[in-house]
Amino acid sequence: QVQLVESGGGLVQPGGSLRLSCSASGSIFSINIMGWYRQAPGKQRELVATITSDYNTNYSDSVKDRFTISRDNAKNTVSLQMDSLKPEDTAVYYCNYKHTVILTYVYWGEGTQVTVSS
C-alpha cells in the first residue's frame, strides 16, 4: 500500500558527501515516521536516522554530527544529507516508513548502495 523509492547512492571518496532521497507513494497517512537504515556486508541492519511528521529526529551515534535527516511533508519525501563520509559508512541504505496509528504498517524500499572508497 506504500511504495518507497530511494535515489542518490553511489561511489564517493572518504571525506566526501552524498544526499539520499526517498519518495513515498500510495496510501500515505499524514502522521508517520520515516527513516534510513543500513546494512553492511557481514553486519546486521542498523538504524541511521528517523524523523517524525512533526520533525522530531533521532540519530545513531555513529552518524550524529555528520548526517542530517529531513523531510518534505507536502511531497512525501525524506532525505539524508551525508557529509564527512568514512569507509565504514559503506552499506546498502534502506528507506523506511511506519504508520503511527496502525503500528503494524511498516514498509521498506529496495535499498541504494553507498560506497566510500579511495
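The values are calculated or read from the model by the stated rules, or taken from the named source; none is laboratory data. The structure presented is a predicted model; accordingly, all values stated were derived computationally and were not measured. Here the Cβ is made from the backbone with ideal geometry for all residues, glycine too, and neighbour counts use every protein chain on show. With ligands, DNA and RNA removed, areas are computed over all heavy atoms of the protein, side chains included. Shrake-Rupley method; radii C 1.70, N 1.55, O 1.52, S 1.80 Å.
If a residue must be surrounded by fewer than 20 Cβ atoms within 10 Å (Cβ to Cβ) and in contact with a strand residue (DSSP E or B) (Cβ under 6 Å, 6 or more places away or on another chain), how many such residues does region 65-78 contain?
Within region 65-78, residues that are surrounded by fewer than 20 Cβ atoms within 10 Å (Cβ to Cβ) and in contact with a strand residue (DSSP E or B) (Cβ under 6 Å, 6 or more places away or on another chain) number 4.
Give me the pairs, please: first residue somewhere in region 26-55 and within 15 Å of Lys98 (Cβ to Cβ), second residue anywhere and open to solvent by 70 Å² or more (accessible area, probe 1.4 Å) and charged (D, E, K, R), beta-carbon distance under 7 Å, and either six or more positions apart or on two chains.
Hits for this filter: Asn32/Lys98; Ile33/Lys98; Tyr37/Arg45; Tyr37/Glu46.
Condition test on Gly35, is it over 16 Å from Gln113 (Cβ atoms), surrounded by 14 or more Cβ atoms within 10 Å (Cβ to Cβ), small (Gly, Ala, Ser) and modelled with pLDDT of 95 or more?
So Gly35 fits the description; yes.
So in region 44-67, with the set limited to residues that are more than 10 Å from the chain's Cα centre (by Cα) and among the hydroxyl-bearing types (Ser, Thr, Tyr), which one is modelled with the lowest pLDDT?
Per the criteria, the residue is Ser53.
Of the numbered conditions (1) within 18 Å of Leu4 (Cβ to Cβ); (2) touching a helix residue (DSSP H, G or I) at 6+ places or on another chain (Cβ under 7 Å), Arg19 fails exactly one; give the number of that condition.
Among (1) within 18 Å of Leu4 (Cβ to Cβ); (2) touching a helix residue (DSSP H, G or I) at 6+ places or on another chain (Cβ under 7 Å), the lone unmet condition for Arg19 is (2).
Would you pick out the residues in region 84-113 that are surrounded by fewer than 16 Cβ atoms within 10 Å (Cβ to Cβ) and within 20 Å of Tyr55 (Cβ to Cβ)?
Within region 84-113, Thr100, Val101 meet the criteria.
For region 65-80, check the following and say yes or no: at least one residue is in contact with a Leu (Cβ under 7 Å, 6 or more places away or on another chain) and part of a loop (DSSP other than H, G, I, E, B).
Within region 65-80, not a single residue is in contact with a Leu (Cβ under 7 Å, 6 or more places away or on another chain) and part of a loop (DSSP other than H, G, I, E, B).
Can you tell me which residue within region 1-17, out of those that are open to solvent by less than 30 Å² (accessible area, probe 1.4 Å) and in a strand (DSSP E or B), is farthest from Cys95 (Cα to Cα)?
Residue satisfying both the conditions and the ranking: Val12.
For the subset of region 38-64 comprising residues that are of a type outside the set (Val, Ile, Thr) and part of a strand (DSSP E or B), which member is surrounded by the most Cβ atoms within 10 Å (Cβ to Cβ)?
If we take residues in region 38-64 being of a type outside the set (Val, Ile, Thr) and part of a strand (DSSP E or B), then Arg38 is surrounded by the most Cβ atoms within 10 Å (Cβ to Cβ).
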